[in-house]
Structures are given as C-alpha cells and as structure tokens.
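Peer 1: Okay, here's the structure, questions in a sec.
Just so it is clear, none of the values below were taken in a lab; they were calculated from the coordinates. Treat the numbers as computed from the prediction; the structure is a model and nothing was measured. Glycine also receives a Cβ, built like all others from the backbone with ideal geometry; neighbour counts cover every protein chain displayed.
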Amino acid sequence: MSGICEGRVVIVTGAGGGIGRAHAIAFAAEGAKVVVNDLGTSNHGEGTSGGPADQVAEEIRALGGEAVANGADVADFEQTRQLVKQAVDSFGGLDVVVNNAGFLRDRMFVGTSEDEWDAVIRVHLKGHFCTARHAAEYWRNKSKAGDAVDARIINTSSGAGLQGSVGQGTYSAAKGGIATLTLVQAAELGRYGVTANAIAPAARTRMTEAIFTDMKPPEDGSFDENAPENISPLVVWLGSAESRDVSGRVFEVKGGLIGTSDGWRDGPSIDKGGRWAPDEVGAAVHEVIGKSATPQKVFGT
C-alpha cells in the first residue's frame, strides 16, 4: 500500500458493515487512524448494538492498524459532539469525516407514514449534519488559531437522490438534500482548509441485497463489480492530502467506474422583458421544454 493517508485521523459513520466497513479498513490500510462508528441497528433502523463497531475496530487492529469503536447515534447532536471529541482525544486530532450511516424504510409515497419520513430524514440528512457540524467547528477554531488545516468531509448521496427512485421518496429526498448540503459545505468551509465532496455509490450491502437480487457475487470468480470494497479507493483518495484541490463535487462510483454528476444547471429560457399573462405561459413553457434535454428517468420507471 502507498500509505496516502499515513497519520490522518478519520471518522467513518455506519462502519459496522457494508460500504462503511470497507471504508474503515481501506483507510487503515493506507495508514489512517480510524474511529469506527456504528449504532448497530437493523436495515430498518431498529435496535442498537456495539458489536459491529467493536468487530471492525478489532479487525483493523488485528491487521496492524489503529482504530477505536464508537456507538454514537449520528443524528444526536450531543452524541456526535462526543464522537468528534473521542477522535481528538484518542488520536490527537481529526482530519476526515466520512458520513455513511443510514437505513431504508421504502414505501410508495402515498403510503409513507410520518414516522417513516421522520426516521429516514433523521438518520440520513440530520445524520450528515451533526458529525460534520462539530468537525467543522473544530477545524474552524484551529484555522482561526493559526494552525494549518487540511481536512475533508465526504458525504454519501445516492443515484436515488440525484434522479429519484420509485418507492423511495423519503430516501431520495434525504439523499438529494445531502448532495446540496455538500455544495454549501464546500463553499463555506474552504476558507478554513476544508473540502467537501459526496459520492453516489452502487454496491452490494445488506440494504440492497433484498431489493437487487442480481447483485450477488459472480460464481466464476471474475471481477465483482458490486463489491462494497470497490467504492473505498475513491473515498480514501478524497480523504488524503492529494485531493486538496477537489471540492464541491458529487461522484458516481460502481465497480471500476468513477464519474461526476453534473447536477442541476440552468437550461434554455425565454425572457419576455415584462410580466407574463397566464394565458401566454403555456406556449412559453412548451417552447422551453422543447429546447431542453430530456430528463433522466426516475429509477424504477
């Protein structure tokens, strides 16, 4: 290994399994000191257990790396304050936050309950806010004190957040919010030496296996494009000093593919130079749509 994260201190949330576990192990393999966070809930956010975080931290230590476990609820403001404090107390600082934790409660929009909406928005969107908010305050204070800061926020969006997914309205809304939050973080925190980027990964995890049955590993031993470990090299690089000139980007990543998402851009327009009358608007709208690119299809349509 090249050790591109040698000595850097990294928090990975939701690191007790799947993509988060792969991130934590990959960072440690590149020399990072890792805080392995996981609340230990089910796919639907039920129950808690310290076992998954402890197990991954022990895996890293058994491989010769440095890691501590943490069981904070990523959507609890005070618990995430203590999560950041644990990183600083354990390893002397903090350089990278990888927001990865989340769960699913898929439902068609008209059947979604308020509790389901609140739970998914809480873990994904608020969960991305809390840890990064405390980390950003830590980095801002260091910067204002005259210390050099070379820090990273790496968020986890989704294709569902970029173009929508049938049966995942709440999840799509949360992941879309995460993509936009990333852009704001990049714009606001750059002055303190912090970059912010997001990934929209596609990989096999316990959340996806029940939905996408075609994601099983190939039986012939060929390249497993759905392995969660395929996502981590990009994330580790984004967490390294080498990525300091990259910020405010959303990357799509699956298997051996790395791409960028262009996001919302201004399209064709018509300017009348004055106020429109309601009966004029229809023709103008259809003209603008006729000049516009066809939108990407919502997943599941």
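Peer 1: Would you mind telling me the antiparallel percentage of the DSSP bridges in the chain, rounded to 5?
Peer 2: Antiparallel bridges make up about 15 percent of those DSSP assigns within the chain.
Peer 1: If you don't mind, there's one more thing I want to ask. Around V194, which amide H atoms from residues at least 5 apart in sequence, or from another chain, sit under 5 Å from its own amide H, with H modelled in the peptide plane?
Peer 2: A151
Peer 1: Placing +1 on the Cβ of each Lys and Arg and -1 on the Cβ of each Asp and Glu in the stretch 9-260, which of A186, S243, S232 has its Cα farthest towards the positive end of the resulting dipole?
Peer 2: Comparing the listed Cα positions along the dipole, A186 ranks first.
Peer 1: Mind checking the full-extension length gain between T180 and V88? Use 0.36 nm per residue of separation minus the Cα-Cα distance, one decimal, nm.
Peer 2: That works out to 30.3 nm of additional length.
Peer 1: Mind ranking 112-119, 172-179 by how tightly packed they are, going by the mean number of other C-beta atoms within 10 angstrom, highest first?
Peer 2: In decreasing order of mean packing, 112-119, 172-179 become 172-179, 112-119.
Peer 1: I would also like to ask the following. Return L238, L257 ranked ascending by Cβ neighbour count within 10 Å, so the fewest neighbours appear first.
Peer 2: L257, L238
Peer 1: If contacts are Cα pairs under 8 angstrom and at least 6 residues apart, what is the relative contact order of the stretch 9-260 in percent?
Peer 2: 18 percent
Peer 1: Multiply the residue separation of D150 and R275 by 0.36 nm, subtract the distance between their alpha-carbon atoms, and state the gained length in nm to one decimal.
Peer 2: Roughly 40.1 nm would be gained on extension.
Peer 1: So, by mean Cβ neighbours within 10 angstrom, what's the order for 74-86, 244-256 with the highest one leading?
Peer 2: 74-86, 244-256
Peer 1: What translational D, rounded to a whole number of µm²/s, comes out for the chain from Stokes-Einstein when the hydrodynamic radius is the Kirkwood one over Cα pairs, at 10 °C and 1.306 mPa s?
Peer 2: In µm²/s, the coefficient rounds to 78.
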